[in-house]
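The values are calculated or read from the model by the stated rules, or taken from the named source; none is laboratory data. Values in this document were obtained by computation on a predicted structure and should not be read as measured data. Cβ atoms come from the backbone with ideal geometry, glycine included; neighbour counts cover every protein chain shown.
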Amino acid sequence: MEEKPNVQEEIVEEVEETVEDTAEEIIEDEDFELPKLNLPKVDLSKIKLPKIKLPQFKKSESAPKQTKRVKLKKSAKILLAVIAALILTVVGMLTIPGMVDRSNLKKLGYSEEAIEKIYELKWEGMILEGSLYSDNLNNSITKESFRKEFIDLYLNTDSLTNDDFLLYSKLILKGYEKSDVLSMFSALEFWEMTPLLVFDYVEDVTAYIRDVDTHRVVNSQSAFTLSGNYITYYAETEQTENQGSIETMVNKRYYLSSDYVPGSLENMSVVYASKGLTLNAEAYEAFKQMCDAAKTAFEAKNPVMYASSAYRDYTYQADLYDTYVRRYGEEEADTIAARPGHSEHQTGLTVDIASTTNGGLSKFGESQEYQWMLSNAHKYGWILRYPEGKEDITGYSAEPWHWRYVGTDLATKIYNSKLTFDEYYMLYMVD
Ligand SMILES: [Zn+2]
């Protein structure tokens with residue numbers, strides 16, 4: 001074994017340094033007085049230090065030990081790898097398809113929040129299977145107002161309101177197939193579908209959509225005319241549910257019983273009506289206010305309009321209708337007068353209005369009073385019952401003179417909806 005040549009010298013140097021350091025420390029101490037010592041001079045380099053053996057391993061001795069340890073590690077590694085592979089397989093089976101689904105949903109265009117919600121509803125399979133994406137669903141699904149029962153509607157439309165949900169439900173209730181309703185919602189405007197609630201059941205929805213599309217340029221919310229004939233008047237009739245209410249519906253479907261007489265009829269003053277007319281008290285009060293307001297609006301001294309017809313009883317209408325049938329036949333008579341029980345005049349809530357300045361009832365549509373009523377009547381609870389351009393829905397030729405009292409709340413709602421009362425009633429007021 002070889003001895004390291006410089007170890008001894010290093011140790012000597014270290015001892016010398018330590019002695020010097022200690023001496024300096026002692027000298028720096030102010031209170032310390034150096035004792036006088038007579039120490040023999042020592043030549044440190046001549047001191048023999050014991051030989052130090054440094055540990056060294058022969059390669060031949062250490063090698064086998066290391067090989068043994070590696071061998072143990074290898075077998076453990078294989079075992080660990082097998083376990084890890086098993087765990088990964090199990091975890092992977094659980095998580096990887098989920099991760100793939102999520103990234104596919106993201107590829108379709110769904111936001112992170114929307115994806116969360118889709119998983120919460122367990123819709124990921126359905127959506128991915130059909131590659132279903134809509135901006136509307138993506139934007140709506142995280143909102144509190146989201147209604148999951150209308151998933152198909154969300155996927156088929158750009159935006160939805162509560163009115164859409166209602167219309168959708170009503171069309172389903174009327175017997176339309178879900179796929180047909182969805183086709184309509186994709187192709188048509190809201191007001192192009194509401195007439196269907198009044199119409200007979202349309203067998204060929206595709207043809208209806210085509211018909212609407214053909215007339216789209218001419219039609220608007222204030223007019224809706226089609227080529228097809230979608231309603232058979234008086235084919236399906238039933239007694240109206242709420243006769244006696246100011247919100248009651250009377251048309252070619254809903255009728256009043258033959259013995260119905262309004263409970264609170266009042267005689268109308270000749271200031272506001274032709275002689276001998278009666279009207280429901282509440283409607284009469286509102287009518288007077290409206291006539292006075294019109295007079296004020298035109299800065300007139302005298303009334304500018306009056307009722308030329310108001311309440312008419314069942315017998316009156318029966319006689320009128322019979323006269324027309326005898327003269328023109330039933331088909332023609334139905335286009336001129338309502339069948340008994342189906343006349344709104346029997347409600348006591350209806351007036352035919354004439355202008356005092358413009359030649360009476362038949363010319364009322366051309367009068368300034370009519371124009372004024374179109375934008376003001378609803379404030380007094382009155383609605384135009386048979387507007388021009390809505391003949392196919394109401395079943396009546398335009399009657400600018402025929403106005404119906406429904407109260408200011410309902411009149412304002414109908415006015416704002418731009419729907420006929422018939423459509424409004426079927427959509428919002430009847431189950
Ligand atoms: Zn009338």
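A few remarks follow.
- Taking the range 101-201 and the helices (runs of 4 or more DSSP H) fully enclosed by it, the elements with 1 or more residues that are in contact with a Phe, Trp or Tyr (Cβ under 9 Å, 6 or more places away or on another chain), small (Gly, Ala, Ser) and not assigned by TED's automatic domain parsing to the domain that holds residue 225 are at 135-140.
- Which listed residue is without any contact (Cβ under 8 Å) to a residue 24 or more places away in the chain and within 16 Å of the ligand (Cβ to nearest atom), from 328, 321, 370: 321
- Out of 257, 274, sole residue that is within 18 Å of residue 348 (Cβ to Cβ), touching a strand residue (DSSP E or B) at 6+ places or on another chain (Cβ under 7 Å), modelled with pLDDT of 95 or more and within 16 Å of the ligand (Cβ to nearest atom): 274
- In the set (1) in contact with a helix residue (DSSP H, G or I) (Cβ under 8 Å, 6 or more places away or on another chain); (2) of a type outside the set (A, V, I, L, M, F, W, C); (3) surrounded by fewer than 15 Cβ atoms within 10 Å (Cβ to Cβ), the condition left unmet by residue 201 is number (1).
- Every residue from the range 373-400 that is of a type in the set (Gly, Ala, Ser) and free of Cβ contacts under 8 Å to residues at least 60 places away in the same chain: 375, 398
- Residues of the range 379-409 that are surrounded by fewer than 21 Cβ atoms within 10 Å (Cβ to Cβ) and more than 16 Å from the ligand (Cβ to nearest atom): 379, 389, 392, 407, 408, 409.
- Hits in the range 286-317 (condition: assigned to a helix (DSSP H, G or I) and within 16 Å of the ligand (Cβ to nearest atom)): 287, 314, 316, 317
- Hits in the range 331-366 (condition: more than 16 Å from the ligand (Cβ to nearest atom) and under 45 Å from the mean Cα position of the chain (by Cα)): 331, 366
- Matching option when the condition is buried (at least 21 other Cβ atoms within 10 Å of the Cβ) and modelled with pLDDT under 95, among 354, 338: 338
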